[in-house]
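These notes are about the structure you will find just below.
What follows draws every value from the coordinates through simple rules; no lab data is involved. Everything numeric in this text was worked out from a predicted model, so none of it was measured. Note that each Cβ is placed from the backbone with ideal geometry, even for glycine, and that neighbours are counted across all protein chains shown.
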Amino acid sequence: MHKIIKYIGSGAALMMAVSIMSATAQDIDTNKWDLSEKGAAIVTYQGRQSIQLKSGVAELKDVQFQNGTISFDISMEEKRGFAGIYFRWNDNSAEYFYLRPHMSGNPDSNQYTPRFNGVAGWQLYHSPRFAAPTVYKFDQWLSVKLVVKDNKMDVYIDSAEPVLHVDNLMGPKAAGRIRIGGGGPQNFHFSNFKVVGDNSVATVGTPAPRAELADNLIRNFSIASTVVAGTSVEAKSLLDKKLLEGQVWQSLGIDEAGVVNLARVSGRTREMNTLLIRKILTADAAQTVRFQYGFSDRVTVFLNGKAIAYGDDTYLTRDYRHLGTIGLYDSVFLPLKAGRNELIFAVSEGFGGWGIKAAMDPVSGVQVD
């Protein structure tokens, strides 16, 4: 994502932004929008003043949004791409809803996902609770409206009724900025953009039912606080003990998808992209047990400091449509010794979601902490 030229910085500007959050912002001009240095422009398109985005972003100036309505028209080509809106943007975390024109009519034609510390989690949240099959029209204006109230959101796409209702927004709760973005090899055009802040707004949609979580799902993990370099741990036969020095371990529970979203703990860079996740298994006697797990995107599994498994589930690594979505797709047989056993997952993030989930059937004489 390119750098935004200008930000709301001073306390006075923030107070002004909060004071006008109930106003309507509609004009497409540089007085109301900050554009990224590349991939963004204000142009006339199909007879309208519009923001053109091609792997660029635009941020609405001087508006803080928490609850209310966001609406806009978008024109897309019938080709691969991703275009959508971030709201409640705070410290590189936000709520995010976007369209996939190349998946028109498919279950993943659009997506809601939270963004934490610069990492969006679409690989973690793939179900009818977060996306709706929608047929798009192309090369003409398509109407999109979001109605947001606290942790709920209705999404309208050229419709009188919501096509998607999200009843568990997982990102920032406080008011934040609004951005639009477009990625891929096409130009997206946005026009007729309106924001109305309204704490009394109500949603009317019905969510898809939550999937029941398996009884044997691991409910929490200990996460190391400091990111490490993937090159220091990925596919290594032994865990470097120096990576554990100075780590502060925090307990983090699973969300409704049964996943621990690791981006809640930290952001990452291209090099510093790996978090260590720990479970302690205490066995009355030496024995071998099966442990199921899922990860995004890459993992090296260590038991008592020695590697016992490695996996790469990165987007597009296996075939041209490999999404790398997370699930309990892998198992490892743990050769436990009598007493305390330290199981560590070194999980590296590349793109699309940073997570871990695991399950283990109850075993006599083995306690999982």
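Which shape class applies to the stretch 33-112: rounded if a/c is under 1.5, otherwise prolate when a/b exceeds b/c and oblate if not, where a ≥ b ≥ c are the square roots of the Cα gyration tensor eigenvalues?
Because a/c hits 1.5 or more and a/b fails to exceed b/c, the stretch 33-112 counts as oblate.
Arrange the following residues from fewest to most other Cβ atoms within 10 Å of their Cβ: HIS189, HIS102, HIS322.
Neighbour counts put them in this order, fewest first: HIS322, HIS102, HIS189.
How much of the pair distance distribution for the stretch 182-247 lies past 19 Å, counting alpha-carbon pairs only, in percent?
Value for the stretch 182-247: 73 percent of Cα pairs lie more than 19 Å apart.
To make sure I understand, if each residue's beta carbon is the centre and we count other beta carbons within 10 Å, what order do ILE42, ILE74, ILE280 fall in, fewest to most?
If I rank by nearby Cβ atoms, fewest first, I get ILE280, ILE42, ILE74.
Among residues other than TYR98 whose Cβ falls under 14 Å from its Cβ, what is the net charge (Lys/Arg +1, Asp/Glu -1)?
+2
Let me check I have the definition right: for the chain, take the eigenvalues of the Cα gyration tensor, multiply each by 5, take square roots. What are those semi-axes in whole Å, largest first?
41, 21, 19
Can you sort LYS242, LYS149 from fewest to most other Cβ atoms within 10 Å of each residue's own Cβ?
Lowest to highest Cβ neighbour count: LYS242, LYS149.
Need one number: convex hull volume per residue for the stretch 11-197, Cα atoms only, in Å³.
Expressed per residue, the convex hull around the Cα atoms of the stretch 11-197 is 111 Å³.
On the principal axes of its Cα set, how long, how wide and how thick is the stretch 220-368? Give whole Å, largest value first.
44, 34, 29
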